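Here is the structure we will look at.
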Amino acid sequence: MVNIENILVAADLSPHSSSVINRGFVLAKTQPKSRLTIFHATGTIFHATGIDALNVLRDFLGEKQDSVKNKILQDAHDQLAALVAAVPANQDGITVELKVDQGFASAAVPRAVENSAIDLVVLGAHGSGFIQRVLLGSTASRLLRKSTCPVLVVKREAYRSYQRVLIAVDFSPCSEKVLRFAHAIAPHADFVLCHVCDVPFHEKMEYAGVSEDLILHYQVEARKRAMQQLRELAHTAGLAVSDYSIAILYGDASRTILDHEEKYGFDLVVMGKHGSHMTEELLLGSVTKRVLASSQADMLVVVDHRYPELLVEKD
C-alpha cells in the first residue's frame, strides 16, 4: 500500500505557480479505491527566495541588511498566501503550511525534502523563476537522482484529477511501486501499461542472414512474455483487470513513449527512476530525460527506496 500524507509543492511565484499549487490541492483531495491507502495529504507550499545572494551586498547595505531580508521574506510569504487563496481547488479541510526559505532553490528544495517526511514533491515545468532554469538542472536533477521521494512535474493546467495515465514499465525492481503510486494519485483514471520491446541486435541479425521469419518469431515471443509479465505485475500491485489496458510497442523507448502519449492524449506519464540496466545512464541521461523534456503531459518519476543500491549516481 502507498501512503501519501505529505506533499511538498515547490512554487516559484511565476504565473505557472497557480497550476502547480492547484495540482497539489487536487491531489490532496483525491480519494483512492478502498484497497489502497486513503489519499489524505498535508500540503506544504514551499518557496525559496534566493535571498542568500544579498550577503554579497552586506558592505553596501550595512545595518539595513536584516530589514531588507525580512521585507523580501515577508513579501514572498504574502505572495504565496495570495496564490494559495486564489487557486480553485483550495477548499476547507486541507491542512496547508506555508514555508519561505532564504536559500537558493537548488539547495533549499532537496534540503526540505530530506529534513521532512515528504512523500511527494510537486514542481512546475515552466515559469520565469528557478523551475524553468533548472528543470533538467540542479534542483530537479538533484531530486530525481538523489531523493527516494517521487517527483511530479506539472506541465498543464490542473483543473481536475488525472483521467488518462500512461505508465511506462521496464520491469526494473521499482516497477511495482510505479504502478501502486500511479494508482494512488490517480485512482479513477484509465491506465495504459506500456512496455517498449527491444529486439536485440535486430539489424545485426538481418546482416548476419537470420531470416525475417525467425526475427518475427522472436518478436512474437517477446510480446507474449511482456504481456504475461505486465498482467502479473498489475495483479501484484493490486490493479483489477478493469483498471488498465496494455500496450506492447516496438522501437526507440523515449520516442515511442512520446509518440504514444501524443497520439492518445494522456494527461500524465509515469516512469520509474531507473531502468533494468544499472550500468547505463538511464536516469537523466537517456529515456527519462528525453521524455521529461519533450512530453506535453505531466510526468511522475517514481523511485523505490527499498533498493538503495539503485540510487547511487555521480553528480
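The values are calculated or read from the model by the stated rules, or taken from the named source; none is laboratory data. Treat the numbers as computed from the prediction; the structure is a model and nothing was measured. Don't worry about glycine lacking a Cβ; one is built from the backbone with ideal geometry, like all the others, and counts go over all protein chains shown.
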### Message
Return the residues of segment 232-250 that are touching a strand residue (DSSP E or B) at 6+ places or on another chain (Cβ under 9 Å), within 26 Å of residue 220 (Cβ to Cβ) and either among the acidic types (Asp, Glu) or surrounded by 13 or more Cβ atoms within 10 Å (Cβ to Cβ) (or both); say none if nothing qualifies.
### Response
233, 234, 239, 244, 246, 247, 248, 249, 250
### Task
Among residues belonging to segment 158-180 that are surrounded by fewer than 21 Cβ atoms within 10 Å (Cβ to Cβ) and among the polar types (S, T, N, Q), point out the one that is nearest to residue 301 (Cα to Cα).
172
### Task
Could you please find all residues in segment 210-254 being among the aliphatic types (A, V, I, L, M) and assigned to a loop (DSSP other than H, G, I, E, B)?
210, 237, 239, 240
### Query
Across segment 81-106, which residue is nearest to residue 160 (Cα to Cα) among those that are among the small types (Gly, Ala, Ser), surrounded by 12 or more Cβ atoms within 10 Å (Cβ to Cβ) and out of contact with any strand residue (DSSP E or B) (no Cβ under 8 Å at 6 or more places or on another chain)?
89
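Table: residues versus (1) modelled with pLDDT under 85; (2) part of a helix (DSSP H, G or I); (3) of a type in the set (Gly, Ala, Ser).
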site	(1), (2), (3)
8	no, no, no
14	yes, no, yes
23	no, yes, no
57	yes, yes, no
65	yes, yes, no
69	yes, yes, no
### Query
Which pairs do you get when a residue that is touching a residue at least 24 places away in the same chain (Cβ under 8 Å), found in segment 232-245, comes within reach of a residue that is part of a loop (DSSP other than H, G, I, E, B) and aliphatic (A, V, I, L, M), reach meaning Cβ atoms under 9 angstrom, with the pair 6+ apart or on two chains?
233/169; 233/239; 234/240; 238/1; 238/36; 243/189
### Query
Within segment 30-48, can you find the residues that are modelled with pLDDT of 65 or more and either surrounded by fewer than 16 Cβ atoms within 10 Å (Cβ to Cβ) or in a loop (DSSP other than H, G, I, E, B) (or both)?
30
